[in-house]
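Read-outs throughout are calculated quantities, based only on the coordinates presented, and are distinct from any laboratory measurement. Everything numeric in this text was worked out from a predicted model, so none of it was measured. No Cβ is skipped: glycine too gets one built from the backbone with ideal geometry, and neighbour counts run over all protein chains shown.
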Amino acid sequence: MPAFPLPPGSTIGILGGGQLGRMLALAAARLGFDTAIYDAKPRTPAGRVSALEVTGAWDDRAALERFAAACDVVTLEFENVPVGAVEILTSLGAEVAPGARALAVAQDRVEEKTFLNGHGCPTVEFEPVDDLDGLRRALDRLGAPALLKTRREGYDGKGQVWVRDAAEADAGWTAVGRRPAILEARAVFVRELSVIAARGRDGAVVSYPLGENRHEAGVLRVTRAPAIVSDHTRTAAEAIARKVLEGLDYVGVVGVELFELEGGRLLVNEIAPRVHNTGHWTQDGCLCHQFEQAVRAVAGWPLGPATAVAEVEMTNLLGPEVERWRELATDPSIRLHLYNKGDARPGRKMAHANRVLRTLP
Ligand SMILES: Nc1ncnc2c1ncn2[C@@H]1O[C@H](COP(=O)(O)OP(=O)(O)O)[C@@H](O)[C@H]1O
Ligand SMILES: [Mg+2]
């Protein structure tokens, strides 16, 4: 166990080399840390701004050993890091936060909802689905339309299909690849909100003001924050975040996606055991943004202030939209965050633009 708080000059390992890892690495650098990135591919967005990049598969023991030897603490930016990789790192003496339990819960939609409901956080009704007959029974109980999702490895709306009536069961089951799945009752929400929160090694918890999120085709398009919500909603969201963090004995930043129903009741959609796209507004809207907060938490520093100083509208630039950087760079209200990913495939998250709408008193 390293001695916390880690002093500047220590190395923070990050599992995954995408844009979240890149922004974590930049925040770590500001506090005087080095970062080491572990990813299956070389020259990742995060690796390009880190002191060390280790390239290896998630079960490559030798590569994981090299990585562990370089790190004083390890965190992650990719929620589908196999739990086995974290277990290997832990067996090598690495301190990984958030740990294997948080990952295991967040990686399986049935485990996740079971955990949430068991800790007093309501979700839509759901049924695990293992075969076509099971899907038919689940449709009978939950009613249609309902959303069929793979239990594992879905992201950005991938691995999901609406089943509009019993006659679509067969097609739906095929569409998700006849894999272990979950059927979810439809959430009739007024809007989607999220709360980003953090827990330090001392058990302290902070929550950021809520974000209001708009998705298109399952992918986040815009977050506007701080969202205008009632005191009751804000308190309820903060209570949910605290239950999640304490229930998982969590260290780090978590993203909690919420559905707001008519009348203000909140359901949890899903949790992400990492910094979250709906928290990118904090980079230009809060005193201490989610990336610095994550670094502080895993390094055993006191948490920073999650206070909002500006109202921000964050827009994801997907695929070729990244070419808009020229025009956006001329707009003084826009703060650009570009990920230096080579290939601007349609739909791929390439950058985001934070528009500062106004500073807050
Ligand atoms: N049960 C549901 N009812 C209605 N809409 C849903 C439901 N589950 C997901 N969605 C919509 O689909 C989006 C993506 O689903 P989500 O479970 O968050 O998957 P991903 O892991 O791909 O982000 C959500 O943000 C929401 O807009
Ligand atoms: Mg989601």
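Quick notes
- Charge dipole (debye, nearest 20) of the chain; +1 at Cβ of Lys and Arg, -1 at Cβ of Asp and Glu: 600 debye
- Cβ-Cβ FRET estimate between residue 1 and residue 336, R0 fixed at 51 Å, reported to 0.05: 0.80
- Test item: Cα-centred dipole of segment 293-361, Lys/Arg +1 and Asp/Glu -1 on Cβ, debye: 180 debye
- Label-point gap, in nm, between residue 246 and residue 90 - each point 7 angstrom along Cα→Cβ: 2.3 nm
- Considering all different alpha carbon pairs of segment 148-194, the Kirkwood hydrodynamic radius works out to 11.6 Å.
- Basic side chains Lys and Arg get +1 at the Cβ, acidic Asp and Glu get -1 at the Cβ, and with that the dipole of segment 1-139 about its Cα centre reaches some 520 debye.
- Equivalent ellipsoid, segment 1-42 (semi-axes from 5 times Cα gyration tensor eigenvalues, Å): 20, 12, 7
- Rel. contact order, % - alpha carbon contacts under 8 angstrom, at least six apart, the chain: 14 percent
- If you plug the beta carbon distance of residue 41 and residue 66 into 1/(1 + (r/R0)^6) with R0 = 22 Å, you get a FRET efficiency near 0.85.
- Full extension of the chain segment joining residue 219 with residue 186 gains 10.1 nm, where the gain is 0.36 nm per residue of separation less the Cα-Cα distance.
- On the basis of the beta-carbon distance and an R0 of 51 Å, residue 104 and residue 344 show a calculated FRET efficiency of 0.90.
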